[in-house]
Amino acid sequence: MTAAQQKRRLDTLLVDRGLASSRTRARSMILAGQVRLDNGVAAKAGTMLSTDADITLIKPDHPYVSRGGIKLAHAIAKLGVSASNRDALDIGASTGGFTDVLLRAGARRVVALDVGRGQLAWSLRQNPRVTVLDRVNARSLEAVTWPPGLTDFDLVTVDVAFISLTLIVPALPPHLRPDGNILLLVKPQFEADRSEIGKGGLVK
């Protein structure tokens, strides 16, 4: 069966494509007139569409440079952690969803660190409050050439993939100021033993 022949609900497709965080959120976006199809603005969440249908958002579902920002924004609100006037280290910055949230929350300076290269959004690279450290392995923070006068932080955020947090966390204390905070995004598939992971990477 081809993609054109396969049919799925519109709200499900929005979630599958990462355009909405949940079907509930997808339905809200549709009701708000934020979803456009080939034939105009979508009206019903249950509209059946081919899996390769052209779907666009009239306006983004979030204000950040990537969807990762939604996770951190929720965490700092839920946990009551402040970024205002604090120096922050964003480990696993990637496109910069977390960095974006930290800046919007009033961080004084943010060091965006990633093992990759050139991933951070251009708008963040141009921000004078951001220092980009590419090609840096967070397990070896002692070898990092830090910005002048900025070797420790009030707030550290970590969002990494394909590596266990148990390999990252031991490197953090020397770079955390008294009364500092660490926010870790735990991804079970990278923390579980191989015997605990089933087909398709699903944790048993």
The size of the Cβ-based charge dipole (Lys, Arg +1; Asp, Glu -1) of the chain about the Cα centre, to the nearest 20 debye, is 640 debye
Nearest-0.05 FRET efficiency for Ser50 and Gln119, computed from C-beta distance (R0 25 Å): 0.20
In deg cm²/dmol, rounded to 500, what helix-only [θ] at 222 nm does the chain give when every DSSP H run of at least 4 residues adds -39500 (n - 2.57) and the total is split over its residues? -5500 deg cm²/dmol
Packing-based ranking, highest mean first, of 164-171, 93-100, 120-127 given that Cβ atoms within 10 Å are counted: 93-100, 120-127, 164-171
Quick one: compute the contact order of the chain, relative version, from alpha carbon pairs under 8 angstrom and 6+ residues apart, as a percent. 13 percent
Amide proton proximity set for Ala42, modelled H, under 5 Å, gap of 5+: Val35, Arg36, Leu37
Go through region 114-119 residue by residue and turn each phi into a ³J(HN,Hα) via Karplus (6.51, -1.76, 1.60, θ = phi - 60°); whole Hz please, and just put x for glycine and proline. 8, 6, x, 9, x, 8
Give the relative contact order (percent, whole number) for region 108-190; include only Cα pairs under 8 Å separated by 6+ residues. 27 percent
Put +1 on the Cβ of every Lys and Arg and -1 on every Asp and Glu Cβ in the chain; which of Ala45, His62, Gln126 then has its Cα farthest towards the positive end of the dipole? Ala45
Between Ser21 and Leu176, what's the calculated FRET efficiency when r is the beta-carbon distance and R0 is 35 Å? Round to 0.05. 0.70
Measure off 7 Å from each Cα along the Cα-to-Cβ vector at Val169 and Asp134, then give the distance between these two points in nanometres to one decimal. 3.2 nm
What number comes out for the charge environment of Ala171, summing +1 per Lys or Arg and -1 per Asp or Glu over other residues with Cβ under 14 Å away? -1
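Bear in mind that the values in this text are calculations on the coordinates, not laboratory data. Please read all numbers here as calculations on a predicted model, not as lab measurements. Cβ sites come from the backbone with ideal geometry, for glycine too, and all protein chains shown count toward neighbours.
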